[in-house]
1. Work out how much length Lys274 to Phe159 would gain on full extension: take 0.36 nm times their residue separation and subtract the Cα-Cα distance, in nm to one decimal.
2. Cα centroids of segment 171-186 and segment 206-236: how far apart, whole angstrom?
3. Quantify how much of the Cα-Cα distance distribution of segment 97-241 extends past 19 Å, in percent.
4. Name the shape class, rounded, prolate or oblate, that the alpha-carbon gyration tensor gives for segment 115-198, where a ≥ b ≥ c are the square roots of its eigenvalues, rounded holds for a/c under 1.5, and otherwise prolate holds if a/b is larger than b/c and oblate otherwise.
5. Would you work out what percent of the accessible area of segment 134-269, with all protein chains in place, is carbon or sulfur (probe 1.4 Å)?
6. So if each residue of separation counts as 0.36 nm, and I subtract the Cα-Cα distance between Glu144 and Lys267, what length gain in nm does that give?
7. Return the FRET efficiency for the residue pair Gln65, Met213: r is the Cβ-Cβ distance, R0 is 30 Å, and the value is rounded to the nearest 0.05.
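The values are calculated or read from the model by the stated rules, or taken from the named source; none is laboratory data. In this text the structure is predicted, and so the values were computed from the model without any measurement. Glycine also receives a Cβ, built like all others from the backbone with ideal geometry; neighbour counts cover every protein chain displayed. Side chains are part of the model used for accessible areas, which takes the heavy atoms of the whole protein and leaves out ligands, DNA and RNA. Shrake-Rupley method; radii C 1.70, N 1.55, O 1.52, S 1.80 Å.
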Amino acid sequence: MKRLHKLIIILLLSVVSFSSVQAQESLRERLARRQQQEQGAVTDSSLKVPKLSVRAEMMNENQTQDLSNATWVREIYRFLDLTKGENAALYYPEQAENDKMNLFTMIFKLMENNSLPIYRWNNGNELFTDRMKENFGDILTKLEIPYQKNGENYVYDEFSIPNNEALGYYIKEAWYFDQSNSVLGVKTVAICPVVIREQYFDEESTLSTASRMPLFWIPYESVRPYAARMPIMTSDRNNVMTKTIDDYFRLRLYDGEIYKTTNMENKLMVEKYKDAEVRKQAEKEIEGELKQFEHNLWVTNDSITDTQSKNKSKNARNAKISKPKGGSSGATYSARDRR
């Protein structure tokens, strides 16, 4: 009996202590929520990027293109201006609606959940090492967004996300040829969101100048599986969201100005070509080279081409030999007869 009484007392004490812990935790949560409400820093839980499935992660690994064996690579840096019609697909919807959001909002929410590695701008030189990594708090500070940190979570006002100011992206492409696999291709290597803000000369002045603020580099392969699940509208004539953000980059539906190509001097186009007209002509020449490269992706095999040309020559010779000569027979051929 004494043992039974002891067991009952132990069970009662454990229940009381567990309920007190539960009460403390719920009280702490209520206080934190009230504090957030008072400061206007309640996040909208409806804005969430779907988590990746195991299948999506495996597909992303299979689609990853390794350029270490490539025998020829041409690296191109572009700036995508989202105020241009071709690039507007990355800007809208400006404000997120349920599961529909633009690329910048998606990136922002992935950073908040620590689901996306980001790396310093580093004067335009992307370097994907642990030393160059940045955290979400650094970006909030850079964007001047007030926040509080609750454990590992960042609490901020979602209306402060500068969706309307994220008006550009720097992207890096790699045009390559892999001789071991006989593969010609184009790969989006990295993207960098760019916030464009108006800076006024003084408090009373109405004159201002727009300045670009590059935020961070992201390896595109890190964001691709999420981009592949985010639908976008790419046409004013068809408002159905028939494509995804990944389709947009994979098919290169954007219009981007070349501002740099990888070179031994590590110079921008504006540094290599001081004159604007000369620089524009150089950009056109590079675009022409890339179009020729892309055309070669679909060129018929040389042996087939040679065979076709030989057959055409042979048919032409046979046609000359079999062509009837004029004479007493007076044989003539109409267009219908020749058919």
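1. On the way: separation 115, 0.36 × 115 = 41.40 nm, distance 4.15 nm.
Additional length available on full extension: 37.3 nm.
2. 24 Å
3. Numbers: 6487 of 10440 pairs.
Above the 19 Å cut-off, segment 97-241 has 62 percent of its Cα pairs.
4. Values: a/c = 2.86, a/b = 2.00, b/c = 1.44.
Cα axes put segment 115-198 in the prolate bin.
5. Details: 3290 of 7090 Å².
Ligands and nucleic acids excluded, carbon and sulfur give 46 percent.
6. Details: separation 123, 0.36 × 123 = 44.28 nm, distance 3.10 nm.
Extra length available between Glu144 and Lys267 comes to 41.2 nm.
7. Numbers: r = 30 Å, r/R0 = 1.01.
Approximately 0.50, to the nearest 0.05.
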